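Shown next, in structure tokens, is the structure this report addresses.
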Amino acid sequence: MLLSNSMGANASFNITGSAAVKMIGTKDQPIILEGITPTKGTWKGVMLNSSSSENIWEYVTIRDAGSTVDGAIVMSSIVNQKPSISNCLITNNKGYGVYCNSSSTLFTKILKQHHI
């Protein structure tokens, strides 16, 4: 099953407090978060401001985001924030692919492309 969610103008996906989101796709069937139109900056992106270590993203594609000044994925400096983000594609976004001011994030095999 392919999971895809098209985000409208100024939409964002916010994960805050102690909330956790597990997005686990596969190489052949990634989870896709994209703009309603294939244009850089169509939607804000993912705002990850959660203290949970249960945020796990595998094989997720994030595209057409970045209408904020920070990036397609924005992570705050919450103490002990430890999301695991692996095998993800961050593409066709405006601004940064990932903006992170937390030193405890685990990134593996992330491909960022086509940003301005």
Number of the condition not met by LEU89 [criteria: (1) aliphatic (A, V, I, L, M); (2) at pLDDT 65 or above; (3) in a loop (DSSP other than H, G, I, E, B)]:
(3)
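This table checks each residue for (1) at pLDDT below 90; (2) over 15 Å from LYS94 (Cα atoms); (3) touching an Asp or Glu at 6+ places or on another chain (Cβ under 8 Å).
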position: LEU2; (1), (2), (3): yes, yes, no
position: ALA19; (1), (2), (3): no, yes, no
position: MET23; (1), (2), (3): no, yes, yes
position: ASP28; (1), (2), (3): no, yes, no
Quick one: which of VAL60, VAL98, VAL46, VAL74 is touching a strand residue (DSSP E or B) at 6+ places or on another chain (Cβ under 9 Å), of a type in the set (Val, Ile, Thr), more than 19 Å from LYS27 (Cα to Cα) and at pLDDT 85 or above?
VAL46
Of the residues in the stretch 7-48, those that are surrounded by 15 or more Cβ atoms within 10 Å (Cβ to Cβ), over 12 Å from the mean Cα position of the chain (by Cα) and over 14 Å from SER67 (Cβ atoms) number 2
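The values are calculated or read from the model by the stated rules, or taken from the named source; none is laboratory data. Not measured: the values here are computed from a predicted model. Backbone-built Cβ (ideal geometry, glycine too); neighbour counts: all protein chains shown.
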